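Just below is one structure, and these are the notes that go with it.
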Amino acid sequence: MTRVCLIGDADCNLQYELLSRETSREALATYDLTRPFENSLAVRTVSVGAAVSLLNDLDWYLTRFVDEALVLEPSVSEDEWLSRELARDLRNGDVDPEATAEFCKIYGLEALDDGPSDAGESAGDSSETDRADADERNGDEHADSSGDDGEETATDDADRARRSGPSWRLVEPLYVRRTGSDLPEYDLRDVDETLVVRVTEAEHTP
């Protein structure tokens, strides 16, 4: 299964923004939602093509609320993600799987002390606080929300989002170029773990 993970912008609550709007909520309705990182939503799709199509369906929301859209395709790598652009190139046949590994960015991962200790704990409880925080920051106006019914549905959908492991925060990425089979070590700060994202050459050297 191909995974898609959306990392929200720092100034918004991604789960609330996506699930309080009818179009994005319907696009995500058939998926089992998880929150592997702080301010994120992740789903499993059947293929890279399905992952790219879902991201295309959500494009309006990605532009406004998402800092990073990532795709994990096991046939390419079991633990290194692809950027949305690289996943699109892979789907279109513009790049071979073995040619995706050269350009990367490495995120630091910091463990969140306030995350739930139970891996199966529902994110629904925290979503109530998240929604209140989002309302305070953004006000009550949402261009694509569906009123009270939409908010109730958003809460129900938020209850489906479950953390599948430790709660992590992504911190500043280090752009690197793979030489041989090795990647340089992440050295921007002390972190608990790292997350590797394969990117296009254009993304690596903007």
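What follows is calculated from the coordinates using simple rules that are stated; it is not laboratory data. Quick caveat: nothing in here was measured; it's all calculated off a predicted structure.
By the compact-protein rule of thumb, 2.2 N^0.38 Å, the alpha-carbon radius of gyration of region 1-70 corresponds to a ratio of 0.98. Stretched out straight at 0.36 nm per residue, the stretch from residue 29 to residue 175 would grow longer than its current Cα-Cα span by 49.1 nm.
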